[in-house]
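The block underneath contains the structure these notes are about, expressed in structure tokens.
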Amino acid sequence: MPRSAILNVMVQAAMKAGRSLARDFGEVQNLQVSLKGPGDFVSQADHRAEEILHNELSRARPGYAFLMEERGVVSGEDDQHRWIVDPLDGTTNFLHGLPIFSISIGLERQGQIVAGVIYNPAMDELYTAERGGGAFMNDRRLRVASRTKLTDTVIGTGVPHLGRGHHGNYLIELRNVMAEVSGVRRLGSAALDLAYVAAGRMDGFWEHALSPWDMAAGILMIREAGGFVSDPAGGAGMLESGSIVAGNEAIHRALLKTLKKPLAPR
Ligand code: IPD
Ligand code: CA
Ligand code: CA
């Protein structure tokens with residue numbers, strides 16, 4: 001399916017920022033790194049990629065507003081459109097030389113996510129989606145996995161760490177999920193986790209304390225691949241609450257149920 005003009009703009013911006021990340025990844029030991037908070041790092045690579053994305057997107061669509069991880073809110077004259085951007089999702093992986101990181105760009109129109117791009121430069125995998133137009137990986141149409149029994153599934157998650165709260169509640173959730181599934185994975189880039197659910201590589205995903213830029217593109221990607229996404233209560237408050245649960249219809253439902261269970265006996 002040919003890409004729309006706006007999706008092309010997003011793809012070009014992501015590829016250009018991706019080349020910058022790939023160069024920095026090759027010299028990761030020379031990058032300046034600073035600490036934003038406990039366990040929360042930012043590097044020159046994040047800032048350089050964000051600069052490229054801001055320049056490319058604002059040149060193509062002057063006036064659109066931004067919500068970017070490093071710059072925060074950048075207001076624009078056009079109050080109908082907003083870019084939601086994570087220039088490097090998976091900074092911890094990146095700084096450790098783990099090639100699992102991505103660029104995530106979501107476009108919101110009147111409060112609704114209408115286009116999304118997630119790009120992993122290390123694997124040259126480009127995920128795209130447009131509302132009503134399906135989801136793709138390097139031009140191959142995506143469909144969520146079809147497994148319907150939790151016992152057959154691989155489920156992705158994000159493990160809270162230093163500086164992130166609710167470790168105890170998370171351990172209860174993990175204990176209940178791990179007892180019911182074939183495998184649990186923690187990849188370290190929430191945007192890529194969501195893209196992998198869209199691609200059927202993982203059957204489901206849940207995480208808390210995420211930010212809108214981690215999820216905006218991925219939510220659309222999963223829905224356009226036929227999947228279901230919600231907050232843990234089954235509502236649509238993912239961007240507001242930071243909590244997300246995803247999968248195909250059956251796995252999404254089963255995960256919601258399992259995540260609500262009290263701690264199971266050993
Ligand atoms: C992080 C990644 C990670 C998730 C963290 C996020 P960052 O984003 O998405 O998988 O578990 O909660 O903050 O900081 O690398 O952009
Ligand atoms: Ca992120
Ligand atoms: Ca980031």
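Summary table
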quantity	calculated
Selection status of Ala65, more than 16 Å from ligand 1 (Cβ to nearest atom) and under 21 Å from the mean Cα position of the chain (by Cα)	yes
Residue within the range 76-90 that is open to solvent by less than 60 Å² (accessible area, probe 1.4 Å), at pLDDT below 95 and of a type outside the set (Asp, Glu) present	yes
Qualifying residue in the range 137-144 (condition: part of a strand (DSSP E or B), in contact with an Asp or Glu (Cβ under 8 Å, 6 or more places away or on another chain) and open to solvent by less than 70 Å² (accessible area, probe 1.4 Å))	yes
Any hit, the range 95-117, residues being touching a Leu at 6+ places or on another chain (Cβ under 9 Å), outside the structural domain of His54 (by TED's automatic domain parsing) and within 13 Å of ligand 1 (Cβ to nearest atom)	no
Leading residue by the ranking (nearest to Gly158 (Cα to Cα)) among those in the range 30-43 that are touching a strand residue (DSSP E or B) at 6+ places or on another chain (Cβ under 8 Å) and more than 11 Å from ligand 1 (Cβ to nearest atom)	Leu35
From the options Asp46, Asp24, residue that is over 20 Å from the mean Cα position of the chain (by Cα), at pLDDT 95 or above, in a helix (DSSP H, G or I) and in the same structural domain as Ile113 (by TED's automatic domain parsing)	Asp24
Pairs with Cβ under 6 Å, 6+ apart, first in the range 48-74 and closer than 18 Å to Ala217 by Cα and open to solvent by 40 Å² or more (accessible area, probe 1.4 Å), second of a type in the set (D, E, K, R) and not in a helix (DSSP H, G or I)	Glu69/Asp86
The one condition in (1) surrounded by fewer than 21 Cβ atoms within 10 Å (Cβ to Cβ); (2) touching a strand residue (DSSP E or B) at 6+ places or on another chain (Cβ under 8 Å) that Ala17 fails to fulfil	(1)
Those residues of the range 221-234 which are open to solvent by 10 Å² or more (accessible area, probe 1.4 Å) and part of a helix (DSSP H, G or I), in sequence order	Arg223, Glu224
Residue in the range 163-183 that is of a type in the set (A, V, I, L, M, F, W, C), surrounded by 24 or more Cβ atoms within 10 Å (Cβ to Cβ), over 24 Å from Asp46 (Cα atoms) and touching a Phe, Trp or Tyr at 6+ places or on another chain (Cβ under 8 Å) present	no
Filtered residue count, the range 85-114, keeping only those that are farther than 15 Å from Glu70 by Cβ and in a strand (DSSP E or B)	8
Test: residue in the range 119-135 that is touching a residue at least 40 places away in the same chain (Cβ under 8 Å), closer than 18 Å to Ala254 by Cα, part of a loop (DSSP other than H, G, I, E, B) and not hydroxyl-bearing (Ser, Thr, Tyr)	no
Residue within the range 198-207 that is open to solvent by less than 30 Å² (accessible area, probe 1.4 Å) and touching a Pro at 6+ places or on another chain (Cβ under 6 Å) present	no
Near pairs, Cβ below 7 angstrom, 6+ apart or cross-chain, from the range 147-166 (in a strand (DSSP E or B)) to any residue that is of a type in the set (Ser, Thr, Tyr) and surrounded by fewer than 16 Cβ atoms within 10 Å (Cβ to Cβ)	Val154/Ser182
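The values are calculated or read from the model by the stated rules, or taken from the named source; none is laboratory data. From a predicted model like this one, the values you see are computed outputs, not experimental measurements. Cβ atoms come from the backbone with ideal geometry, glycine included; neighbour counts cover every protein chain shown. Only protein heavy atoms, including side chains, enter the accessible area calculation; ligands, DNA and RNA are left aside. Shrake-Rupley method; radii C 1.70, N 1.55, O 1.52, S 1.80 Å.
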